[in-house]
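What follows is a short report on a single structure.
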C-alpha cells in the first residue's frame, strides 16, 4: 500500500554495486529502512544529495507491516538547508545530534511530536548565524522531555547536587553519580530557561553529565563516537 509521509535521513549503507539501504525516521511509521536501487549509478534518477544524513524528505512509500525493508515510490527534498550541510561546525553539531537520536529512537510507529521536534532543531541549527554555546545542552534536555525523563527542577540551597540516577536535585547521596553544586546550579538555570553564560569548562562537564544521564535512562545507550569533535564547540 502506498502512503505519503515526511522523513529524516539517519543513516545509509552501500548495498551491492549501485544501491543503498537507508535508515529514515518517518513521520507516519517511525524508524524504517528503505532499499533504493541504482542511486550510485551514473544514470540515477534519485539525487544522492537527498540521502545525506539530516536530509528532510517528502516521500511516497510502499509500506508492508511485516517487512523489515521497504521501497520508496517517489521522493523529493522537503527542506533545502542554507548552511547546515556546508558549515563544518554546524554539520558536526548536527551529526552529533543525529547520533544521539539514533541511539534513542527504535520505535517503528509514528510519533508526530518527536518528528516535529527533530525537524525544528535541524531548522534552528541551519538558521543560526552562530551556534549558541549551550545549543547541545538544551537539545539533550528537550530530547529527554520527548523521551519521558526530563529532570525534576527542584534545586535549592539545601538540595544542590543533581542525582543522575534519580533525575532530581538532592541534599546528599551515597553513590558517585551526581553533579556537584556549582555545575548543578547551571543545570537548574537551563531548566528554568534563565541562564546567562555558562563557562566553557562547566558546559563540558554538563555535556558529559547529561550523556551519562542518558546512559541511566535509555537502554543500551553508549557515548556518541562524534563526542571528540565537540571540544571545538566548547572552546570556540
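The values are calculated or read from the model by the stated rules, or taken from the named source; none is laboratory data. Predicted model, so just to flag it, every value in this text is computed and none were measured. Because the Cβ atoms are built from the backbone with ideal geometry, glycine has one as well, and the counts that use them run over all protein chains shown.
Let me confirm something: among 184, 156, 113, which residue is surrounded by 14 or more Cβ atoms within 10 Å (Cβ to Cβ) and either on the phi < 0 side of the Ramachandran plot or free of Cβ contacts under 8 Å to residues at least 12 places away in the same chain (or both)? Outline the logic, then answer.
Numbers: 156 fails: surrounded by 14 or more Cβ atoms within 10 Å (Cβ to Cβ); 113 fails: surrounded by 14 or more Cβ atoms within 10 Å (Cβ to Cβ).
Every option except 184 fails the conditions.
Is it true that some residue in segment 82-90 is within 19 Å of the chain's Cα centre (by Cα), buried (at least 17 other Cβ atoms within 10 Å of the Cβ), in a loop (DSSP other than H, G, I, E, B) and outside the structural domain of residue 18 (by TED's automatic domain parsing)?
Initially, segment 82-90 is screened for residues within 19 Å of the chain's Cα centre (by Cα), giving 83-90.
Filter again for buried (at least 17 other Cβ atoms within 10 Å of the Cβ), leaving 84, 87, 90.
Then drop every residue that is not in a loop (DSSP other than H, G, I, E, B), which leaves 84, 87.
The next check asks that each one be outside the structural domain of residue 18 (by TED's automatic domain parsing); those that pass are 84, 87.
Yes; the residues of segment 82-90 include at least one that is within 19 Å of the chain's Cα centre (by Cα), buried (at least 17 other Cβ atoms within 10 Å of the Cβ), in a loop (DSSP other than H, G, I, E, B) and outside the structural domain of residue 18 (by TED's automatic domain parsing).
Taking segment 1-22 on its own, how many of its residues are surrounded by fewer than 19 Cβ atoms within 10 Å (Cβ to Cβ), part of a strand (DSSP E or B) and without any contact (Cβ under 8 Å) to a residue 40 or more places away in the chain?
4
Which one of these does residue 201 not meet: (1) part of a loop (DSSP other than H, G, I, E, B); (2) over 21 Å from residue 99 (Cβ atoms)?
Condition (1) is where residue 201 drops out.
So which of 198, 178 ends up being touching a helix residue (DSSP H, G or I) at 6+ places or on another chain (Cβ under 6 Å) and either surrounded by 12 or more Cβ atoms within 10 Å (Cβ to Cβ) or modelled with pLDDT of 90 or more (or both)?
On the way: 178 fails: touching a helix residue (DSSP H, G or I) at 6+ places or on another chain (Cβ under 6 Å).
Unique residue meeting the criteria: 198.
For segment 164-175, enumerate the residues that are exposed (fewer than 11 other Cβ atoms within 10 Å of the Cβ) and modelled with pLDDT of 95 or more.
Passing the criteria: none in range.
Check whether at least one residue in segment 175-192 is within 25 Å of residue 105 (Cα to Cα) and in a loop (DSSP other than H, G, I, E, B), and report yes or no. I'd like the intermediate steps shown before the answer.
Kept after step one, since they are within 25 Å of residue 105 (Cα to Cα), are these residues of segment 175-192: 177, 187, 190-191.
Still in the running and in a loop (DSSP other than H, G, I, E, B): 177.
For segment 175-192, residues within 25 Å of residue 105 (Cα to Cα) and in a loop (DSSP other than H, G, I, E, B): present.
Taking the options 136, 141, 147, name whichever one is in the same structural domain as residue 216 (by TED's automatic domain parsing), in contact (Cβ under 8 Å) with a residue 60 or more places away in the chain, surrounded by fewer than 18 Cβ atoms within 10 Å (Cβ to Cβ) and touching a helix residue (DSSP H, G or I) at 6+ places or on another chain (Cβ under 7 Å). Talk me through it step by step, then tell me what you get.
On the way: 136 fails: surrounded by fewer than 18 Cβ atoms within 10 Å (Cβ to Cβ); 141 fails: surrounded by fewer than 18 Cβ atoms within 10 Å (Cβ to Cβ).
Only one candidate qualifies: 147.
Specify which of the listed residues (100, 131) is out of contact with any strand residue (DSSP E or B) (no Cβ under 9 Å at 6 or more places or on another chain) and assigned to a loop (DSSP other than H, G, I, E, B). Steps first, answer last, please.
On the way: 100 fails: assigned to a loop (DSSP other than H, G, I, E, B).
Answer to the selection: 131.
Can you pull out every residue in segment 15-38 that is under 23 Å from the mean Cα position of the chain (by Cα) and at pLDDT below 90?
20
Check whether at least one residue in segment 105-119 is more than 15 Å from residue 27 (Cβ to Cβ) and modelled with pLDDT of 95 or more, and report yes or no.
First, pick out the residues of segment 105-119 that are more than 15 Å from residue 27 (Cβ to Cβ): 106.
Checking which are modelled with pLDDT of 95 or more leaves us with none.
Looking through segment 105-119, none of the residues is more than 15 Å from residue 27 (Cβ to Cβ) and modelled with pLDDT of 95 or more.
With the checklist (1) in contact with a strand residue (DSSP E or B) (Cβ under 9 Å, 6 or more places away or on another chain); (2) farther than 25 Å from residue 220 by Cβ; (3) in contact (Cβ under 8 Å) with a residue 24 or more places away in the chain; (4) not in a strand (DSSP E or B) in hand, flag the one item residue 38 doesn't pass.
For residue 38, the exception is condition (3).
Would you check if residue 77 is within 24 Å of residue 125 (Cα to Cα), at pLDDT below 90 and in contact with a helix residue (DSSP H, G or I) (Cβ under 9 Å, 6 or more places away or on another chain)?
In short, no.
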